[in-house]
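Asks: This is the structure I want to talk about, given as structure tokens.
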Amino acid sequence: RRAEYATIRGLPAETKDGERVTLMVNAGLAEDAAMLEMAGADGIGLFRTEFQFLIAATLPGRESQLRLYRNVLDAAGDKPVVFRTVDIGGDKALPYLSEEQKDESENPAMGWRALRLSLQRKALMKAQARALIEASAGKTLRVMFPMVSEPWEYEEARALFEEQIAWTKSAKRAVPKRVEFGAMLEVPSLAEMLDILLPRVDFLSIGTNDLTQFLFAADRADPRLADRYDWLSPAILRFLRRVANEARAAGVPVRVCGEMAGRPLEAMALIGIGIDSFSITPAAVGPVKAMVRSIDAAAVRSRVEALLAKPPANMRKALGDWARRHGV
Ligand code: PEP
Ligand code: MG
């Protein structure tokens, strides 16, 4: 199969009935950007900026952030890179931040993390915004915010970036040619507020790792629950379909950037509910592309629709059997 993935590396992720699927990769270190070419991917759909913070001994300053973001953009060349602002806090506590940041809460995933922390510690976010703006001078800056639970949080984060862009301009420094703002949808409450959010975002990125644990109230890090809540559950697929439909109606592109999309059968189900853009781990690009090239998107959609209308007891088995019968 490895040989098979190598032969399709340069070929498009296109279904048999001619639908193009966007396959981007998740990354977090400068070296990851080099994987882009190797994997034959369309860009970096999720650059986890907190990695630099997690491996550093002291808080990375604006200069070192700037260096990293420049390197990543250079390595990506013409391909897009979506930077996610830091998702630290909770279980990803940084020892060099003040004591208050160390989270002793029992539920760190639902704690003071990601955008919640960033909006209360604005100096951190400002430094990151400046670094991203400077690194993207003359280019397109794509930025998204993690753990948005309500639209106002997105607005506040976006306003902070816009203020920094205005400041950069007033200082007669180069600014990005274009800026695209997006929200991660990984907290279920945001799905109820899409009518307010969608007109304000350039894209939506669904983080199925966190979303699944919050939808099912099941800790993503607990191995005893790992097999219990399946990514192919009708509850998740119906939820995602609703989000995808609303976004499509509003003309907002949607991407799934959780691990779910890196598994061929799950990715097939996502195509079945109308999602055609994924950001996945580089090693998954070959297998997912092979799946995409083996399916008829229209047939997958009608099968998944039928299964979701009357869900079988075992969705995974039903989809898997169908896929095998259809040479996927
Ligand atoms: C997610 O939650 O699905 C996601 C992509 O973000 P992370 O895994 O970094 O929390
Ligand atoms: Mg997440």
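Asks: Considering each of L160, L97 in turn, give the residue that is part of a loop (DSSP other than H, G, I, E, B) and among the hydrophobic types (A, V, I, L, M, F, W, C). Don't jump to the end; show me each part of the working.
Replies: On the way: L160 fails: part of a loop (DSSP other than H, G, I, E, B).
After ruling out the rest, the residue left standing is L97.
Asks: Go through the stretch 33-62 residue by residue and tally those that are farther than 24 Å from R116 by Cα and among the charged types (D, E, K, R).
Replies: Of the residues in the stretch 33-62, 2 are farther than 24 Å from R116 by Cα and among the charged types (D, E, K, R).
Asks: Pick from the stretch 205-245 the residues that are within 9 Å of ligand 1 (Cβ to nearest atom) and more than 23 Å from W322 (Cβ to Cβ): which of them is surrounded by the fewest Cβ atoms within 10 Å (Cβ to Cβ)?
Replies: N209
Asks: Here's a follow-up. Going by what's in this entry, would A299 be described as touching a Pro at 6+ places or on another chain (Cβ under 7 Å), farther than 30 Å from A27 by Cα, modelled with pLDDT of 95 or more and among the aliphatic types (A, V, I, L, M)? Step through it out loud before you land on a result.
Replies: On the way: touching a Pro at 6+ places or on another chain (Cβ under 7 Å): no; farther than 30 Å from A27 by Cα: yes; modelled with pLDDT of 95 or more: yes; among the aliphatic types (A, V, I, L, M): yes.
Considered against the rule, which asks whether it is touching a Pro at 6+ places or on another chain (Cβ under 7 Å), farther than 30 Å from A27 by Cα, modelled with pLDDT of 95 or more and among the aliphatic types (A, V, I, L, M), A299 comes out as no.
Asks: Looking only at residues in the stretch 246-258 that are of a type in the set (D, E, K, R) and either touching a residue at least 40 places away in the same chain (Cβ under 8 Å) or outside any helix (DSSP H, G or I) (or both), which one is farthest from ligand 1 (Cβ to nearest atom)?
Replies: Looking at residues that are of a type in the set (D, E, K, R) and either touching a residue at least 40 places away in the same chain (Cβ under 8 Å) or outside any helix (DSSP H, G or I) (or both), I get E246.
Let's see how each residue does on (1) part of a helix (DSSP H, G or I); (2) within 16 Å of ligand 2 (Cβ to nearest atom); (3) under 19 Å from the mean Cα position of the chain (by Cα):
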residue	(1), (2), (3)
D227	no, no, no
W231	no, yes, yes
M260	yes, yes, yes
I271	yes, no, yes
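Asks: So for the stretch 15-38 (the condition being part of a helix (DSSP H, G or I), within 16 Å of ligand 1 (Cβ to nearest atom) and hydrophobic (A, V, I, L, M, F, W, C)), does at least one residue qualify?
Replies: Within the stretch 15-38, none of the residues are part of a helix (DSSP H, G or I), within 16 Å of ligand 1 (Cβ to nearest atom) and hydrophobic (A, V, I, L, M, F, W, C).
The values are calculated or read from the model by the stated rules, or taken from the named source; none is laboratory data. These numbers were taken from a predicted model, which means no experiment stands behind them. As a convention, Cβ positions derive from the backbone with ideal geometry for all residues, glycine included, and neighbour counts pool all protein chains shown.
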